[in-house]
Amino acid sequence: MNRIVVMGLGPIGIAAAVAVQRAIDMQLVGLVDIDPRKLGKRLTELTPDAASDASADEVAVVSDVAQLPDADVAILCTASYFDRVAPDLRLFLRRKMHVVSSCEQMTWPWLSHPHLSDVINAEAKSAGVALIGTGVNPGFVMDVLPVALSSMTLNVRQVRVARVVDALLRRLPLQRKIGSTMTPAHFHDLAKQHKIGHMGLGESVVMLAQGLGRHPLRSEIQISLAPVIADREIESAMGVVLPGQVCGIRNVGRYKNHGLDVELDLTMSLGAPNPRDEITITGDRTITTIIPGSTPGDTATVAALVNVARVIIRAPAGLRTMLDLPVVGSM
């Protein structure tokens, strides 16, 4: 039975801890968060979804990895930027724990931090543990899934992925990060500072291209970001969005070279029409796959973290990506 700790007890981290607690092949042995309001609390005190039992009630939130008991795997749900999670990764490396993280940049960290990625990779190999970033997007829908589907055709020339997410069905942090209730001017100002929008689209472009045998340079990846403007009043977790205000984002990533044309088109907006994941692969034949309603982002991210935590202990040591693992299923 894998012994699991969870660090970062926001909505995703708490849900992952509950999923671990309920799993028959895992044991939740530690919780970490720096929020002083959470220190010393048990999972049952953080969420009504947790089951109350003797073993679970023994696990209290601590502020330092050094206070954790020995464990096999850490699920890390703290930051989106690889350089910000690197210090925590090193803490777990010293404890010889494998790490599965929701950090979007960590799904392909060489794109944003090539030197740091090489250093962490070497340190993980020396420690004999594997580290990986995963989730629904990046980590599956717009990268790993198209790569898997491409195996059913030959000579892939073009990949188009459209993901449309109705943000009204998602948690408050996502509604906030897509700019809900902002003016377009405020949105564009934050976009110039890279302080708004989806994280990980560039990582998905690179992972997809790598899975199809290409090795894109950072300069070959094109990313655009634009606001979606409300044309009606929309009730949201952020308050009422008025016509003319921002109600979402459209984020597009592109790569075109070496005989491959990739376009990843992501729309996340309040009340988005026809939510779906649509993948079209053109090779010697054309394959189109549609997931109506789109893959549910929050629950799918939790599932990805927990299911990958089951298999990461068998992965080769080092900084890994989802392309390095065999197909990961659920229990």
Notebook entry, point to check: Are any residues in segment 48-61 modelled with pLDDT of 80 or more and either under 11 Å from A17 (Cβ atoms) or in contact with a Gly (Cβ under 7 Å, 6 or more places away or on another chain) (or both), and if so, which ones?
Noted result: D49, A50, V59, A60, V61
Check: Residues in segment 128-135: is at least one surrounded by fewer than 23 Cβ atoms within 10 Å (Cβ to Cβ) and over 16 Å from L208 (Cα atoms)?
Finding: yes
Next item on the list: Restricting attention to strands (runs of 3 or more DSSP E) lying wholly within segment 246-316, give those where 1 or more residues are without any contact (Cβ under 8 Å) to a residue 40 or more places away in the chain.
Entry: 246-257, 286-292
Check: When only residues in segment 90-117 that are in a loop (DSSP other than H, G, I, E, B) and of a type outside the set (A, V, I, L, M, F, W, C) count, which is nearest to the chain's Cα centre (by Cα)?
Finding: S102
Next item on the list: Please indicate, with yes or no, whether at least one residue in segment 282-300 is outside the structural domain of I75 (by TED's automatic domain parsing), of a type in the set (D, E) and under 18 Å from M207 (Cα atoms).
Entry: no
Check: Just one of G30, G13 is assigned to a helix (DSSP H, G or I), in contact (Cβ under 8 Å) with a residue 40 or more places away in the chain and out of contact with any helix residue (DSSP H, G or I) (no Cβ under 7 Å at 6 or more places or on another chain); which is it?
Finding: G13
Notebook entry, point to check: Can V85 be described as without any contact (Cβ under 8 Å) to a residue 40 or more places away in the chain, closer than 22 Å to P173 by Cβ and under 21 Å from the mean Cα position of the chain (by Cα)?
Noted result: yes
Next item on the list: Looking only at segment 218-231, decide whether some residue is modelled with pLDDT of 95 or more, within 23 Å of the chain's Cα centre (by Cα) and within 14 Å of R163 (Cα to Cα).
Entry: no
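The values are calculated or read from the model by the stated rules, or taken from the named source; none is laboratory data. What you are looking at is a predicted structure, and each value in this text was computed from that prediction instead of being measured. FYI the Cβ positions are ideal-geometry reconstructions off the backbone, even for glycines, and counts take in every protein chain you see.
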